[in-house]
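These notes are about the structure you will find just below.
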Amino acid sequence: MFLISKIGIIGEGKMGSGIFNYLLDYPFELTWVCSPQADTDKLTRQFAKRINRSLDAGIIDQQRFDSLKQTTLTRSLDDLKRCNLIIEAVPEIPQLKRELFAGLDKIVDPAAIFTSNSSSINPSRLAIAGNSRRQLAGLHFFYPVALKNIVEFTVTEEITEETRMVVETFLKTIQRRFITLDEKNSFMLNKIFLDLQNEAFLLVHAGHCSYVQMDQLVKTHLFPFGIFDFCDSVGLDTMLWSVMNYTAQYPHESYYSQFINALSELVSQGRLGMKTQRGFHDYPMESEVVPPPVNALEIVNHLRQAYLSSAKRFTALAHIPMDDANHAIKEYFNLDKGPFE
Amino acid sequence: MAAITESIRNEVKEIVYSFFAEECEVEIAQINENTSIINDLDGDSLMFLELIEIFKKKYNLDIELKVIGKYAVKHPVTTIGQLVDMQLLIIEHENRLMEIDQ
């Protein structure tokens, strides 16, 4: 079994940069490939300043500083030639990811493992002629990468035992707990949350409360963040892509259709969430607390039941040990207690 | 649990201001407590994490990132002034940060 030593990270969005910065704390040789639009000069300057500050503050020693200076920040995929693990974190567009992997296939060592940080596209959908599915996998990190100690490792049917072991060893080296999912049960954590989003939306849509009231109730009784705050912070265009990708695999797709229609409508109006200052909410938000709806308790109980039953169903389908499921769900939702504790 | 003196307060403020001036390539004079980290400085959470590492080392703090993450979800930081205040709370309370709310 070979060990990962040289890693290529592709994409300078919040996941790409988060993964790159997280991996800097581990002894790998990193190459970070940014898009043609990225200001790599600025990123390179920032990186140099950062490692200088770390050396000055005594966070790293001279030896580590010298090795970090070997890090490559580039716009060229050719610089990934010597990498034995690729982690792509480019926008959530299947064709873009497929073309990327097809191009890399001609550049990178044939033994290299290609992984995708996609939050909704299964790895085998990224395989095209010339790519070997055996060396493809999903490595779904969560934002913020430094704080969320959970990765969804999605394996294709064709993955070899060696590739599986190499990736697992890599995840243990970087001190990330992981759950292994097959492609039928991939993106389990987002799917649990999708059920909650859908239930919350249906309650608002039926007139039981407003979006603001719902988020306040959820923050007070269930999770540290509001459901619609979360959607707005992810971006409603990204949400829409993801939800459509998940539900396309479901036999009961129509259950989500009202939520999908609402997301489509908001996106077509240019209400993409926090990045456009408008989404389910308008930003900056009023800080005043609105009175809870009359049936607040029923709403909270309904959502709690939806959360528990969804967590139970997806955990059983994916055959995830209870302890791992508790940990994963706690990390994802930022909770002190898992659903099965 | 460290007591926050005027000197620590000033030192933290100076480190935060210098950090953002260097990282975001602006003059220190352009930064004040109401400066928005994202909108005015184009800053991000990675900068916040690096600052925590610097303070952890400087004040020998026993603080897990997870604890800070949980606190930050409940008390989001958007301005430089809020960031300085949160760093002071971290120095003061370390891993008992969440107990402030109880």
**Request:** When you have a sec, figure out the Kirkwood radius of region A:168-244 from all distinct Cα pair distances and drop it here in Å to one decimal?
**Result:** 14.4
**Prompt:** If one computes P(r) from the Cα atoms of chain B, what percent of pairs lie at distances over 19 Å?
**Reply:** 39
**Angle between chain A longest axis and helix A:236-247 axis [Cα atoms, degrees, rounded to 10]** = 90
**Asked** Within the P(r) computed for chain A, what percentage of the Cα pairs occupies the region above 26 Å?
**Response** 53
**Request:** Determine the sum of side-chain charges near A:ASN334: Lys and Arg each +1, Asp and Glu each -1, restricted to other residues whose C-beta is under 14 angstrom from that of A:ASN334.
**Result:** +3
**Request:** Return, for the Cα atoms of region A:6-185, the radius of gyration and Dmax in Å, separated by a comma.
**Result:** 15.9, 50
**Asked** Peptide A:18-25: average number of partner chain Cβ atoms within 10 Å per residue?
**Response** 2
**Item:** Value in Å of the Kirkwood radius, where region A:189-333 supplies the Cα pairs that are averaged
**Value:** 15.9
**Prompt:** What is the mean number of Cβ atoms from other protein chains located within 10 Å of the Cβ atom of each residue in peptide B:55-66, rounded to a whole number?
**Reply:** 2
**Request:** Quick one: net charge around B:ALA3, please, counting Lys, Arg +1 and Asp, Glu -1 for every other residue with C-beta under 15 Å from its C-beta.
**Result:** -2
**Asked** Among the DSSP beta bridges whose two residues both lie in the protein assembly as shown, what percent are antiparallel, rounded to the nearest 5?
**Response** 25
**Fill in**
Length-normalised contact order of chain A, Cα under 8 Å, at least 6 apart, in percent, tallies to 14
**Flagged links, alpha-carbon separation over 28 Å, of A:LYS106/A:LYS148; A:LYS14/A:LYS219; A:LYS49/A:LYS97** = A:LYS106/A:LYS148; A:LYS49/A:LYS97
**Prompt:** Mind checking the mean number of beta-carbon atoms from other chains within 10 Å of the Cβ atoms in B:69-75?
**Reply:** 4
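Bear in mind that the values in this text are calculations on the coordinates, not laboratory data. Bear in mind the structure is a predicted one, so any value in this text is a computation, not a measurement. Positions of Cβ are backbone-derived with ideal geometry, glycine not excepted, and every protein chain shown enters the neighbour counts.
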